[in-house]
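The values are calculated or read from the model by the stated rules, or taken from the named source; none is laboratory data. The model shown is predicted, which means the values in this text are computed figures rather than measured ones. Positions of Cβ are generated from backbone atoms using ideal geometry, with glycine treated the same way; all protein chains shown enter the neighbour counts. Heavy atoms of the whole protein, side chains included, go into the accessibility calculation; ligands, DNA and RNA do not. Shrake-Rupley method; radii C 1.70, N 1.55, O 1.52, S 1.80 Å.
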Amino acid sequence: MVTWQVIIKIKDIVLSFFQKQFLLLRQKLTNFAPRKSNNYWTIENSIATYNIDKWGDKYFSINSKGNISVTPEKNSAKKIDLFKLVKELKSREINTPLIIRFNDILKDRITELHEAFSKAIETYEYQNIYQGVFPVKCNQQKNVLEKILEFGSPWNFGLEVGSKSELLIGLALLQNQNSLLICNGYKDKKYIEVATLARKLGKKPIIVIEQKDEVKRIIKAVQNLKATPLIGIRAKLSSKSSGRWSKSVGDNSKFGLSIPEIMSTIKELKKANLINEMKLLHFHLGSQISDIAVIKDALQEASQIYVELCKLGAPMEYIDVGGGLGIDFDGTKTSSSTSTNYSLQNYANDVIATIKDSCQLNNIEHPTIVSESGRAIISHCSVLIFNVLGTSQISSQIKISNKKPQSLIIANLIETLNQLKILTKKKVNLSEIIELWNDAKKFKEDCLVAFRLGFLNLEERAHAEELTWSCAKEIAYNLNNDEITHPDLYEITETLASTYYANLSIFKSIPDSWAINQIFPTIPIHRHLEEPFCKGNFADLTCDSDGKLNSFIDNGKIKSLLNLHKPEPNKDYLIGIFMTGAYQEALGNFHNLFGNTNVIHIDITQDNSYKVKNIIKEDSKAEILQLLDYDSDSLVESIRINTESAIDQKQLTIEEARKLIDQIEISLRNSSYLSE
Ligand SMILES: *Cc1c(COP(=O)(O)O)cnc(C)c1O
């Protein structure tokens, strides 16, 4: 009896020992070490790594093949495999980098916005309607605006324009006579005249006075044209905003009229007999307002101004609450700058309830509610896909030489590495490890000084650097995830990380990531049945050291490294950057002359398939050069003249010259991005 018990006990102990060792080993390996088999890795692990269940909303998830799946509606049978789609596009010569726009998602966003407002109107028994407009500056592409107007037509969804060029787009595209055309931005005589005459076309333009001197121009236009526009006024609110665009409100904001200015404008309009056209009050808090409290305060102040304008005798009909409706880029539902602490429904409820309260209290008819939500409508439908061209890692291949090192510093580094090796074999003592790592860093700095002063040659410096990286690796391999994130050691992860070279220009395709550190969800679109055991970030094609993508979402925190797979030889490694539909295309620039990427519009069909609705081909090099006034024919011609003189001087054969010119001509017709 006793012996059996003992045997079972021993068996348990042995088993648990091996289990522990296995777990420890696994923990170490998952940090950095490459591993072949990873059957244990499931899509649930990937979901947890990339938080796609949080930011993906209902639109993006991972399918059983380990690829990103796109669906326009919750529980919809319509689903497509993003990886498969990109592969099939490639076979049609539509290569990455590539923007894919999902019409169905755009439609769903527009529908959701309207449904949220109808629900709020019903809940609060509001006695008027919601009638929104799309701010053109968010995405001016013709296809996009046409789709927005098509999907929004059941609700007479309109457009907001902020310049004369945008006004022309608005006039051309907006055919629905019941839709609003809100005219914002600085307005000169021409802008005002065109908007005024547009009313005669049967359209509904509302000129929103943003600057005091616009009143005089409006009055003059009315006299010249014998036509009157609908007029709105933009108020400068005193309520505090938050976030990046907080300066859009407040006494020093760029746009809008202060209360004294509003008073004098009303007087001027009355004097000019135009007060009867004064219909709309507008305010705009800035974009991506994360905190609902900010929106509420502004709404209260604006509703009160609205009530006062009515009392002053203006026949008010509309409150335009501007943009600012935020989206949850990181999925945390918090007031962090990449999230919102409210839902679309909360937003609609607050708008309706606050305005209703003020009007009710003052016995004023409920106005039509207008909003100018750009980001919230257009972000989700666009996905930017790029391929990885290669990776780089720091070198830490140590060649053990039997020669005694000449330099004391190198000897010190070798000694540090050996101590680390001993220490990490024993039970890990974090403070000692940190001390040794600090030593290693110090010795490396000393090396640099010694090199500068000529005491160390290039080979010795290389050896010293490799020794330091070996120290880093020794530590990284032997600590677990919690220990390695210790602030004093975090740079180890960063140093050992790989740079993934992205076939992309940050400046063209996601300028906000560079300009304002906007974070977009970034995730491989395939291989989610494999563990992403490398850590890395991205460098783009431009020669600009700012052309980097190194901020990623991590459960509410921001991290500089993303878990990534090791690219396989001769196979694409494709990364998706999500929620990029707002502002990015409009703001993108031609830094280093990388042009527009391919854009395609996709309709998802019932049988998990899709229809390609629209292909907008990328810019060729000739087209980009043309934009900067270079004519490709004369470029080729001047190179040809060069080749002629090189042929004369026998530096180039006729055959070589022809090849060179041929190559240049072909190249001008082709993409500015890298191809295989
Ligand atoms: C930019 C802008 C908007 C759009 O803001 P979003 O936050 O993208 O919704 C709306 N109205 C005005 C006046 C703007 O300048």
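Which one of Leu159, Leu145, Leu167 is touching a Ser or Thr at 6+ places or on another chain (Cβ under 8 Å), within 15 Å of the ligand (Cβ to nearest atom), free of Cβ contacts under 8 Å to residues at least 40 places away in the same chain and not in a loop (DSSP other than H, G, I, E, B)?
Numbers: Leu145 fails: touching a Ser or Thr at 6+ places or on another chain (Cβ under 8 Å); Leu167 fails: touching a Ser or Thr at 6+ places or on another chain (Cβ under 8 Å).
The unique qualifying residue is Leu159.
With (1) part of a helix (DSSP H, G or I); (2) touching a helix residue (DSSP H, G or I) at 6+ places or on another chain (Cβ under 6 Å) as the list, and Lys54 as the residue in question, which single condition is left unmet?
(2)
Identify all residues within region 108-129 that are crowded, with 22+ Cβ neighbours inside 10 Å and either on the phi > 0 side of the Ramachandran plot or within 16 Å of the ligand (Cβ to nearest atom) (or both); write none if there are none.
Arg109, Ile110, Leu113, Phe117 - these are the residues of region 108-129 that are crowded, with 22+ Cβ neighbours inside 10 Å and either on the phi > 0 side of the Ramachandran plot or within 16 Å of the ligand (Cβ to nearest atom) (or both).
Quick one: how many residues across region 523-566 are part of a loop (DSSP other than H, G, I, E, B) and either out of contact with any helix residue (DSSP H, G or I) (no Cβ under 9 Å at 6 or more places or on another chain) or not hydrophobic (A, V, I, L, M, F, W, C) (or both)?
Step one: filter region 523-566 for residues part of a loop (DSSP other than H, G, I, E, B), giving 525-533, 540-547, 550-551, 555-556, 560-561, 565-566.
This time we only want the ones that are either out of contact with any helix residue (DSSP H, G or I) (no Cβ under 9 Å at 6 or more places or on another chain) or not hydrophobic (A, V, I, L, M, F, W, C) (or both), so: 526-528, 530-532, 540, 542, 544-547, 550-551, 555-556, 560, 565-566.
Summing the residues that are part of a loop (DSSP other than H, G, I, E, B) and either out of contact with any helix residue (DSSP H, G or I) (no Cβ under 9 Å at 6 or more places or on another chain) or not hydrophobic (A, V, I, L, M, F, W, C) (or both) in region 523-566 gives 19.
When residues of region 192-241 are filtered for being among the β-branched types (Val, Ile, Thr), open to solvent by 30 Å² or more (accessible area, probe 1.4 Å) and either within 16 Å of the ligand (Cβ to nearest atom) or under 17 Å from Leu174 (Cβ atoms) (or both), how many remain?
Residues in region 192-241 being among the β-branched types (Val, Ile, Thr), open to solvent by 30 Å² or more (accessible area, probe 1.4 Å) and either within 16 Å of the ligand (Cβ to nearest atom) or under 17 Å from Leu174 (Cβ atoms) (or both): 1 in total.
Could you pull out the residue among Leu280, Leu361, Leu312, Leu299 that is open to solvent by less than 10 Å² (accessible area, probe 1.4 Å), touching a helix residue (DSSP H, G or I) at 6+ places or on another chain (Cβ under 9 Å) and not basic (Lys, Arg)? It would help to see each step written out before you state the result.
Values: Leu280 fails: touching a helix residue (DSSP H, G or I) at 6+ places or on another chain (Cβ under 9 Å); Leu361 fails: open to solvent by less than 10 Å² (accessible area, probe 1.4 Å); Leu312 fails: open to solvent by less than 10 Å² (accessible area, probe 1.4 Å).
Residue meeting the stated conditions: Leu299.
Being away from the ligand (no atom under 13 Å from the Cβ), under 24 Å from the mean Cα position of the chain (by Cα) and not in a helix (DSSP H, G or I) is the filter here; which residues of region 283-328 pass it?
Asp291, Asp328
Within region 620-676, track down each residue that is over 32 Å from the mean Cα position of the chain (by Cα), under 30 Å from Ile385 (Cβ atoms) and exposed (fewer than 11 other Cβ atoms within 10 Å of the Cβ). So that I can check it myself, show each step before the final result.
From region 620-676, those over 32 Å from the mean Cα position of the chain (by Cα) are 631-666; that's our starting set.
Keeping just the survivors that are under 30 Å from Ile385 (Cβ atoms) gives 632, 663-666.
Residues satisfying the conditions are Gln663, Ile666.
Only one of these is of a type outside the set (Gly, Ala, Ser), open to solvent by 40 Å² or more (accessible area, probe 1.4 Å) and within 19 Å of Lys84 (Cβ to Cβ): Lys566, Lys571. Name it.
Answer to the selection: Lys571.
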